[in-house]
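Data first, discussion second: the structure below is written as structure tokens.
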Amino acid sequence: EKMADSSLQEPFTSALFKIKSVLKHSEKEHLTDLEPAIDVSARPRPAPFSDALLNRIQAAIVQQCVLMLDYQSGYSDQTTLRDVEPIGLWHYGVGWHLIAFCRLRQDYRDFRIDRIRQLTETRQTFSRQSLLSLQDYLNQLRQTENLQEVVISFEKNMARFAQEQRYGFGFVSETEENGRVQMRFMTQFIDGLGWWLLMYGSCITIESPAELRDLMKARAADIHQHYNG
């Protein structure tokens, strides 16, 4: 049976451990509720905010507490106040994101943690029954954003060279079997991923999708013709 890359579980395990310090004893039994509310799609890197902020958000998810965010949008220096119902934390790209139902917009929103200027726990609670789970939200996102799953098998001695660059191409997870490393990506940019994979030559095998295999065959043929023309 294939085993998930343990490095992807490190931030999740750490998150569960840290949250114990902010919960009452009677609430710790609900800690398992947090597991489906955290998703990691890339290896976490040092964040420009304190762990205490993540701890408070994690506690709010478990306790179903409405949060008030003083939030700075990426396109403006101004901040807005948002009352949100947190459904989960998601790590992708280079940072953590809070996924929550925004009462101002009456829709689900993705809030970058490093853009939260102030966070306040309100005395209001919400019901999970009326909200999407984090996994349901991510499934909808993958459909609406036209994300494609790509599975690549690397020779083990070459996989180490992809460790950092792969995060820029939608890396999700890896498994190891029979001396090879299988990596899974979710991407909108098959074309760009293909150009990156050319550098690995015959040391990789594209398991899916067929579209990417055909693209790589065409590029290899073009390169062959170029140097034999």
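The values are calculated or read from the model by the stated rules, or taken from the named source; none is laboratory data. It should be emphasised that the depicted structure is a prediction, and the values quoted were computed from it without experimental measurement. Cβ coordinates were reconstructed from backbone atoms using ideal geometry, including for glycine residues, and neighbour counts include every protein chain displayed. Ligands, DNA and RNA are stripped out before the accessible areas are found, and what is left, the full protein with its side chains, is counted by its heavy atoms. Shrake-Rupley method; radii C 1.70, N 1.55, O 1.52, S 1.80 Å.
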### Task
Select from segment 64-74 the residues that are more than 15 Å from R105 (Cβ to Cβ) and open to solvent by less than 20 Å² (accessible area, probe 1.4 Å) and list them in ascending order.
C65
### Task
Determine whether segment 129-139 contains at least one residue that is surrounded by 15 or more Cβ atoms within 10 Å (Cβ to Cβ), modelled with pLDDT under 90 and of a type in the set (A, V, I, L, M).
yes
### Query
Of all residues in segment 31-63, how many are at pLDDT 90 or above and open to solvent by 50 Å² or more (accessible area, probe 1.4 Å)?
2
### Query
When segment 112-128 is examined, which residues are found to be polar (S, T, N, Q) and either open to solvent by 60 Å² or more (accessible area, probe 1.4 Å) or part of a loop (DSSP other than H, G, I, E, B) (or both)?
Q118, Q124, T125, S127
### Query
Any chance segment 83-96 includes a residue that's within 28 Å of M186 (Cα to Cα), modelled with pLDDT of 95 or more, β-branched (V, I, T) and assigned to a strand (DSSP E or B)?
yes
### Query
Within segment 75-111, which residues are charged (D, E, K, R), closer than 22 Å to Q135 by Cβ and surrounded by 16 or more Cβ atoms within 10 Å (Cβ to Cβ)?
E85, R109
### Task
Would you mind finding the one in L119, L212 that is touching a residue at least 40 places away in the same chain (Cβ under 8 Å) and within 30 Å of G88 (Cα to Cα)?
L119
